[in-house]
């Protein structure tokens with residue numbers, strides 16, 4: 001009986017440690033992306049005024065508590081987003097473009113322009129992101145930035161790690177879309 005109780009407690013403890021939850025959305029603690037094993041670095045909630053817009057998690061090969069260290073980290077990476085409200089594809093794309101522009105100079109944006117257009121066009125073609133939509137943005141060193149919506153790969157992978165880092169800066173840059181979300185993604189949320 002004692003062994004059974006200990007096994008049940010151990011199983012319960014494992015299940016509690018196996019996911020991070022944000023606004024009712026569960027994110028796995030670990031996963032395999034491309035050829036790399038990743039751990040959740042942090043997870044948080046994007047709010048706009050009083051509205052919950054999306055829950056998101058950042059996955060890295062190993063935990064990093066500093067934005068510069070995250071941007072410099074080698075290997076596969078993942079941004080996982082779960083929408084908590086209906087958005088138009090245009091709203092979602094415009095928010096990404098604005099976040100990128102806020103964290104890059106005009107000269108840097110010129111270098112990212114064609115790839116940002118490719119990414120934006122792919123997002124628009126994916127359709128209207130409704131509540132519960134899963135958007136995953138992976139960095140795969142062997143092929144580039146990959147967009148997956150509701151488990152379906154969209155468009156072609158986008159070359160250049162600089163582009164993925166530019167996307168990360170939307171949330172982790174000097175002018176992040178939301179300060180407490182940046183802290184949460186860095187594992188520093190209260």
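The values are calculated or read from the model by the stated rules, or taken from the named source; none is laboratory data. Since this is a predicted model, take the numbers as computed values, not measurements. We place every Cβ from the backbone using ideal geometry, glycine too, and count neighbours over all the protein chains shown.
Side notes on the structure shown:
- The set of residues in segment 47-99 being assigned to a strand (DSSP E or B) and on the phi > 0 side of the Ramachandran plot is empty.
- Residue match in segment 171-180 (condition: surrounded by fewer than 15 Cβ atoms within 10 Å (Cβ to Cβ), in contact with a helix residue (DSSP H, G or I) (Cβ under 7 Å, 6 or more places away or on another chain) and modelled with pLDDT of 95 or more): yes
- Screening 20, 40, 53 for residues that are under 13 Å from the mean Cα position of the chain (by Cα) and either modelled with pLDDT of 90 or more or within 25 Å of residue 164 (Cβ to Cβ) (or both) leaves exactly one candidate, 40.
- Scan segment 58-78 for residues that are surrounded by fewer than 16 Cβ atoms within 10 Å (Cβ to Cβ) and under 18 Å from residue 34 (Cβ atoms) and the total you get is 2.
- Each residue in segment 65-79 was checked for being in contact with a strand residue (DSSP E or B) (Cβ under 9 Å, 6 or more places away or on another chain) and under 16 Å from residue 177 (Cβ atoms), and 2 of them qualify.
- Counting only residues that are in contact with a strand residue (DSSP E or B) (Cβ under 7 Å, 6 or more places away or on another chain) and modelled with pLDDT of 95 or more, segment 85-118 holds 2 of them.
- Which listed residue, of 85, 115, is surrounded by fewer than 20 Cβ atoms within 10 Å (Cβ to Cβ) and touching a helix residue (DSSP H, G or I) at 6+ places or on another chain (Cβ under 6 Å): 115
- With respect to the conditions (1) farther than 26 Å from residue 33 by Cβ; (2) in contact with a helix residue (DSSP H, G or I) (Cβ under 6 Å, 6 or more places away or on another chain), residue 124 lacks only one, and its number is (1).
- Residues that are within 16 Å of the chain's Cα centre (by Cα) and under 23 Å from residue 60 (Cβ atoms) are absent from segment 106-113 altogether.
- Tally of residues being part of a strand (DSSP E or B), surrounded by fewer than 22 Cβ atoms within 10 Å (Cβ to Cβ) and either at positive phi or in contact with a helix residue (DSSP H, G or I) (Cβ under 8 Å, 6 or more places away or on another chain) (or both) across segment 24-46: 1
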